[in-house]
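Following: one structure in structure tokens, then a few remarks.
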Amino acid sequence: MRRREFITLVGGAAACPMVARAQPAGMPLVGYLNASTPTTYGDDLRAFRAALKEDGHVEGENVAIDYRWGENEPDRLTVLAHELVRRRVSVLVAASAPASLAAAKATTTILVVFMVPEDPVKLGLVASLAKPGGNATGVNFFAAELAAKRLELLRMLVPLAKRVAVLINPAEPTIAAANLRDVEAAAASMGLQIRVFNASSVAEIDTAFAALASDRPDALFISSGPFFANRGVQLAHLATRHAMPAISATRRYPEFGGLMSYGASLSDAHRQAGAYAGRILKGAKPSDLPVVQGTKFELVINVSTARLLGLTLPPSLLAIADEVIE
């Protein structure tokens, strides 16, 4: 087991620039568009820059990167995408489906590398995984598809659970429907009863937990999706305050004090996106680069939170954990 030290970025502008640095003449420019905030993406961006470096592209030396952050305000993404297009970036890297769709709408000529948890064909980003066509390719990491596995892991930790609450965001209908479909099927096979709670805003999360406090389910399943991924602190605080064993799709949830997460590695997705961006800077065309699918998944458990909730961690669960936070 290894202990992960979660460190909030210090000097965010230096590690994760909010404003573009001066770009020397002739230096290629990479645009990076993210719907979230920079404070929780330190490891991911390090993986992205490391992959660029492996291909000979070092930020500040022979390539510049312009970072744009949506700050969890989806309406900003269209404006930010157009700003990057006007800067004539050599390649536009988009992290998340909303950012990728904004990039796709902003340009049909600038080369785009996306990172999306949904099927990029269904999103309209590419013609097919093997032959993307057009000006975009990227990484398809899995999120909703792992819903049944997350419920199974939650049951391993809370073996006597009979009633499980499912928190979904109806404002992300595709993600919500996929999570709910797989959870309902898995719950039926395990003999679990589920009740769905909806939340699409900070206030609605508070309201949902107030309802959970009255309903008293045995455990909580938090749907995947960018909204809940960006509300890790709030979700971890409320779940702990209400003594609710819960599992999330993103590792930031246990890093912020939540109980457990299982999902695709965003750092690995950033590494893959960085490798593709590096190849495009060397002349490769997105139409010749098949969409890659994430293969690295992480089970992260916060032992301190388990103790706080009075849970005993089964040795079988600890044995398969990729990381244990003590």
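Structure values in brief
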{"quantity": "Per-region count, the range 97-120, residues in a loop (DSSP other than H, G, I, E, B) and farther than 21 Å from ASP268 by Cα", "calculated": "4"}
{"quantity": "Selection count where residues are in a loop (DSSP other than H, G, I, E, B) and either among the small types (Gly, Ala, Ser) or crowded, with 22+ Cβ neighbours inside 10 Å (or both), scope the range 218-236", "calculated": "4"}
{"quantity": "Selection count, the range 168-217, where residues are surrounded by 20 or more Cβ atoms within 10 Å (Cβ to Cβ), under 25 Å from the mean Cα position of the chain (by Cα) and part of a loop (DSSP other than H, G, I, E, B)", "calculated": "3"}
{"quantity": "Check on ALA94, outside any strand (DSSP E or B) and not hydroxyl-bearing (Ser, Thr, Tyr)", "calculated": "no"}
{"quantity": "So VAL113, is it under 20 Å from VAL139 (Cβ atoms) and modelled with pLDDT of 95 or more", "calculated": "yes"}
{"quantity": "Subset tally (residues that are touching a residue at least 24 places away in the same chain (Cβ under 8 Å), in a helix (DSSP H, G or I) and touching an Asp or Glu at 6+ places or on another chain (Cβ under 9 Å)) for the range 272-303", "calculated": "6"}
{"quantity": "Residue among THR240, THR207, THR174 that is out of contact with any Leu (no Cβ under 6 Å at 6 or more places or on another chain) and within 30 Å of ALA273 (Cβ to Cβ)", "calculated": "THR174"}
{"quantity": "ALA229 being closer than 18 Å to LEU299 by Cβ, hydrophobic (A, V, I, L, M, F, W, C) and touching a helix residue (DSSP H, G or I) at 6+ places or on another chain (Cβ under 9 Å)", "calculated": "yes"}
{"quantity": "Residue in the range 24-59 that is surrounded by the fewest Cβ atoms within 10 Å (Cβ to Cβ), counting only those that are part of a helix (DSSP H, G or I) and β-branched (Val, Ile, Thr)", "calculated": "THR39"}
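The values are calculated or read from the model by the stated rules, or taken from the named source; none is laboratory data. Since the model is a prediction, treat every value here as computed from it, not as a measurement. Glycine also receives a Cβ, built like all others from the backbone with ideal geometry; neighbour counts cover every protein chain displayed.
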